[in-house]
Amino acid sequence: MNEKIKKTPMRMCVGCRQMHEKKTLVRIVRDADGALHMDLKGKASGRGAYICKNTECLGRALKTKAIERALGVALTDEVFKNLAEEIK
């Protein structure tokens with residue numbers, strides 16, 4: 001009767017500041033070189049920030065510069081476009 005129940009990994013969205021299941025969020029990663037890219041598999045090494053897959057959270061995160069603050073670098077236009085496409 002000692003069944004192991006696997007916990008679902010939870011992460012906080014930088015836009016809405018709510019906890020969600022990790023697999024429902026998009027991860028943005030700053031690698032060792034300081035470049036930003038999207039990590040669709042959630043396994044890339046580097047500093048990461050998570051955001052919900054809706055435009056409201058993206059807009060709020062950009063307005064408050066939450067992504068930039070979480071990762072410590074400025075968000076480039078290319079990363080923003082890729083992120084906006086992934087969320088839509």
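Only the coordinates and a few stated rules stand behind these numbers; no lab work does. Nothing here was measured: the structure is a model prediction, and the numbers come from that model. Using ideal geometry, Cβ is built from the backbone for each residue, glycine included, and neighbour counts are taken over all protein chains shown.
General observations
- Of all lysines in the structure, the ones whose alpha carbon falls short of 30 Å from that of Lys63, not counting any fewer than 8 places away in one chain, are Lys22, Lys23, Lys41, Lys43, Lys53, Lys81, Lys88.
- Segment Asp77-Asp39, length gained on full extension (0.36 nm per residue, minus Cα span): 12.0 nm
- Estimated at 0.36 nm per residue, the fully extended path between Ile87 and Gln18 surpasses their Cα-Cα distance by 23.1 nm.
- For the chain, the alpha carbon positions stretch 53, 29, 21 Å along the principal axes, listed from largest to smallest.
- Neighbourhood net charge (11 Å Cβ-Cβ; Lys/Arg +1, Asp/Glu -1) for Asn54: +2
- FRET efficiency estimate (nearest 0.05) - Cβ-Cβ, Thr8 to Asp31, R0 35 angstrom: 0.85
- Other residues within the sphere of radius under 9 Å centred on the Cβ of Arg11, judged by their own Cβ, net out at +1 (K and R +1, D and E -1).
- Helix 77-87 and the longest principal axis of the Cα set of the chain meet at an angle near 40°.
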